[in-house]
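Every number in this text was worked out from the coordinates using simple rules, so none of it is lab data. All values derive from a computational prediction rather than experimental measurement. We place every Cβ from the backbone using ideal geometry, glycine too, and count neighbours over all the protein chains shown.
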Amino acid sequence: MTMADTLTVRIYNVRFGAAILGTVPDRDPDSGETTIRRILIDVGNVSAGTGTGGGGEDAVFEAAVGDILDVLDGAPLDLYVMTHEHLDHVQGLFYAKTKLPALDVANRLKVDRVWLTASAHPDYYDTHPEARRKKLEFDAMYRRLAAFLAADGGAASQ
């Protein structure tokens, strides 16, 4: 078995978040040639202000994104999948590009295709009434919680 025949999955410790890089051998049944496909699923980490501990630290993204770039070694990602638009799944590459210039993400990372959840589309909540209902419920709950925490300064700091 050669390296070209090996499926490799790297799961990065980004604390509270997700970052998975798959290297997938894609063998053409007619020619027998194998093409390596690289798939990145999410790169995120919850921000430091959320109280989860260790989120949003440069070292977390620097290590994960740096290794992803090193593994790619100039080869493009065939597919970057963002499972949903929460920061603990998608902020990492943007963060690394803007806050960690030594990684040179803008020049080192090339992506052929990107999949993003439909809920990121501008009219998604207009065309999906159940999702809109859930989003409105969440927004209302968030506003109530924010108002409660603002009213009790001690609770907000905890």
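Using the beta-carbon distance between residue 139 and residue 9 and R0 = 41 Å, what value does 1/(1 + (r/R0)^6) give for FRET efficiency, to the nearest 0.05?
Details: r = 36 Å, r/R0 = 0.87.
In this case the efficiency is close to 0.70.
Over the Cα atoms of the range 64-158, Rg to Rh with Kirkwood Rh, two decimal places?
Values: Rg = 18.7 Å, Rh = 16.6 Å.
Rounded to two decimals, Rg/Rh equals 1.13.
When Lys and Arg each count +1 and Asp and Glu each count -1, what net charge do the other residues less than 14 Å away from residue 81, Cβ to Cβ, add up to? Present the calculation step by step, with values, prior to reporting the outcome.
Working: positive: 37, 38, 113; negative: 42, 78, 85, 112.
Summing Lys/Arg as +1 and Asp/Glu as -1 gives -1.
What does the C-alpha gyration tensor say about the overall shape of the range 61-102? Classify as rounded when a/c is under 1.5, otherwise prolate if a/b is larger than b/c, or oblate.
Numbers: a/c = 2.20, a/b = 1.17, b/c = 1.88.
Oblate, because a/c is 1.5 or more while a/b does not exceed b/c.
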